[in-house]
1. Considering every residue within segment 291-314, establish whether at least one is surrounded by fewer than 24 Cβ atoms within 10 Å (Cβ to Cβ), under 18 Å from residue 193 (Cα atoms) and either modelled with pLDDT of 85 or more or within 19 Å of the chain's Cα centre (by Cα) (or both).
2. With the condition being out of contact with any helix residue (DSSP H, G or I) (no Cβ under 8 Å at 6 or more places or on another chain) and not assigned by TED's automatic domain parsing to the domain that holds residue 274, I'd like the helices (runs of 4 or more DSSP H) fully within segment 1-69 carrying at least 1 qualifying residues.
3. Could you check, for segment 334-352, whether at least one of its residues is in the same structural domain as residue 253 (by TED's automatic domain parsing), modelled with pLDDT of 85 or more and in a loop (DSSP other than H, G, I, E, B)?
4. From the set of residues in segment 181-208 that are in a loop (DSSP other than H, G, I, E, B) and surrounded by 16 or more Cβ atoms within 10 Å (Cβ to Cβ), which is nearest to the chain's Cα centre (by Cα)?
5. Please specify each residue of segment 233-256 satisfying the condition of being surrounded by fewer than 24 Cβ atoms within 10 Å (Cβ to Cβ) and either outside the structural domain of residue 216 (by TED's automatic domain parsing) or not in a helix (DSSP H, G or I) (or both).
6. Looking only at segment 123-145, decide whether some residue is assigned to a helix (DSSP H, G or I), more than 30 Å from residue 274 (Cα to Cα) and touching a strand residue (DSSP E or B) at 6+ places or on another chain (Cβ under 8 Å).
7. Name the pairs whose Cβ atoms lie under 9 Å apart, with the first residue in segment 130-154 and touching a residue at least 24 places away in the same chain (Cβ under 8 Å), the second exposed (fewer than 13 other Cβ atoms within 10 Å of the Cβ) and in a helix (DSSP H, G or I), and 6 or more positions between them or separate chains?
């Protein structure tokens, strides 16, 4: 690896204990110790691309998604093939018959019988394969907890702080409420805690004069009840089943409010190369509940393919969206919501219809 301090190419024996044998200076991460792709220069490049060269502040969660070296998600699979006990019922008697021939004969026929007996036992699993049931699942490398420990542990111990422009979204306790700006003109309902920290860290609620409400999709309706007036609502959510239903259900529950859907649409990530697909824990905790595909088509207006994908439990995090693009989408959505009338719901808008943020070298897309 390359020493992040003196740019010398180091062999494994030349960097024992995360100390460069040439410049004698310490660095934080070694890919041989902390996992593939975990070294200081790459982390700095990723942080620089996410912050748009210092223009934005981002969270550790957003940096984690950017630093992933691999990710995969797979649907549930039913058991298929020939059961092992059935395969044994076929293979063992047949092999036993060949062994009897071997015992009763001699010469070449005996050799052929013995070879056939062994061949049956070897070929049976290939000719009659069995694939057990596989539950749906996903994995991300490195794991979130491991990456967070590296940033708040080894990295902070060496450099005294997180990478420039990165804030620790794990320190904020439950029940935190963003300050309300004077004379608000819109409400931003955000279902991802990391994205809420990102918006607050960059002062977007104050600058856009929007009330930031952090709530999971199931409690978003209750969070709006206490807000005064008929402020329009911008909904920012993951590409998930509950996220797709959130804006339509809010329109039904609050017919006096304009609701702009600025969430991550399923069509933008379902088949996109490099997008982060997950099954399992959602940002608010727990597992993504099962939602019927028919309900998703009827209420959220999704295509048959998108609804079926979500109904299997797949989802894609809005926190994995490049922060410059995310900030541009939120700003555009708040402006549109503020300019709309109280009953103007308009068509659903999301990442497919918003203009892309200025390209930043090294910035990944979801």
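The values are calculated or read from the model by the stated rules, or taken from the named source; none is laboratory data. Just so it is clear, the structure is predicted and the values come from calculations on it, not from any experiment. Counting neighbours? That spans all protein chains shown, and the Cβs are built from the backbone with ideal geometry, glycine included.
1. No, the conditions are met nowhere in segment 291-314.
2. 31-34, 40-50
3. Scanning segment 334-352 turns up no residue that is in the same structural domain as residue 253 (by TED's automatic domain parsing), modelled with pLDDT of 85 or more and in a loop (DSSP other than H, G, I, E, B).
4. Of everything passing the filter in segment 181-208, 192 is nearest to the chain's Cα centre (by Cα).
5. 254, 255, 256, listed by residue number.
6. Looking for residues that are assigned to a helix (DSSP H, G or I), more than 30 Å from residue 274 (Cα to Cα) and touching a strand residue (DSSP E or B) at 6+ places or on another chain (Cβ under 8 Å), one finds none in segment 123-145, hence no.
7. What qualifies is 130/86.
So that you can scan it fast, the table gives a plain yes or no per residue for (1) closer than 30 Å to residue 271 by Cα; (2) surrounded by 15 or more Cβ atoms within 10 Å (Cβ to Cβ):
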| position | (1), (2) |
| --- | --- |
| 80 | yes, no |
| 92 | no, no |
| 95 | no, yes |
| 109 | no, no |
| 113 | no, yes |
